[in-house]
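Have a look at the structure below, then the notes.
Taken together, the values in this text are just the output of simple stated rules run on the coordinates, not laboratory data. This structure is a prediction, so every number in the text was calculated from the model and none was measured. Using ideal geometry, Cβ is built from the backbone for each residue, glycine included, and neighbour counts are taken over all protein chains shown.
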Amino acid sequence: MALRTIRTIGDDVLTKTCKPVKEITPRIRTLIEDMIETMYAADGVGLAAPQVGVLKRLVVIDVGEGPFVMINPRILETSGEQTGNEGCLSVPGKTGQVTRPNYAKVLAYNENMEEVEIEGTELKARAMLHEMDHLDGKLYVEKVEGELMDIEAESEEEAG
C-alpha cells in the first residue's frame, strides 16, 4: 500500500467525468488499498478516485463504521434534507454550508464486484453523495450556500 497525492481544486482531473470499472484487476485492488490508506492519512471520511488522479468510478468511505467501497455507484433513492458544513480533501482548509438529502440509497459494486445496496442517513448519506459528485467532475464548492470559510476562522467563531 502507498499514500497517493490528493489533487486539489484547479487540477483539471477533478472536472472530468469518470469511466466505469469493468473488472477488478490487481491495479484496481491496489488503487482501493491506496485510497483507503490515503483517506485515513488525510483524516478524511471519503475519497474518490479522481481525487488521486484516476478517472474511474470508484469511491471509498468510512464514517466510523469501517471502510466500504462503492464501484460504479448509482443513486436509487434520496429523501429528506440536511444542511451542514462540508469540506473536501481536494479543497484544503475550507468549509461551506451545503444542503443535501438526509437519506440516500445507492446501488454499487463492492471490491469483489458483487452488487450491493448501501443505505445511509446524515453523515453517511452526505459522504456518499459528495464522493459520487466527484465521479461526475463536480466539487462541493458549486453547491455551497453563501461563502466558503476558512476552517480555522470557523473554529474560532464556534469557540467564541
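The table below gives the values:
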| item | result |
| --- | --- |
| Distance in nm between pseudo-label sites at Thr25 and Asn112 (7 Å out along the Cβ direction from Cα) | 2.3 nm |
| DSSP-assigned coil residues among trypsin sites (Lys or Arg not before Pro) in the stretch 14-72, each with at most 11 further Cβ atoms within 10 Å | Lys22 |
| Alpha carbon Rg of the stretch 12-159, scaled by the compact-globule rule 2.2 N^0.38 Å | 1.02 |
| Cleavage-rule hits (GluC sites (Glu not before Pro)) in the stretch 55-160: DSSP loop, at most 13 neighbouring Cβ within 10 angstrom | Glu65, Glu81, Glu114 |
| Full-stretch length increase - Glu65, Gln97 - with 0.36 nm per residue and alpha-carbon distance subtracted | 9.1 nm |
| Assigned charges on the beta-carbon of Lys, Arg, Asp, Glu; the chain dipole about Cα centre (debye) | 920 debye |
| Among Gly137, Thr8, Ser90 - extreme Cα towards positive end, dipole of the chain, charges at beta-carbon | Gly137 |
| Over 22 Å [Cα-Cα, the stretch 7-87], rounded percent | 29 percent |
| Helix-only CD estimate at 222 nm, as mean residue ellipticity for the chain, using -39500 (n - 2.57) per DSSP H run (n ≥ 4) | -7500 deg cm²/dmol |
| Spatially close lysines, pair count over the chain: Cα under 15 Å, gap of eight or more or interchain | 8 |
| Helix 26-41 vs. the chain, principal-axis angle (Cα, 0 to 90°, nearest 10) | 20 degrees |
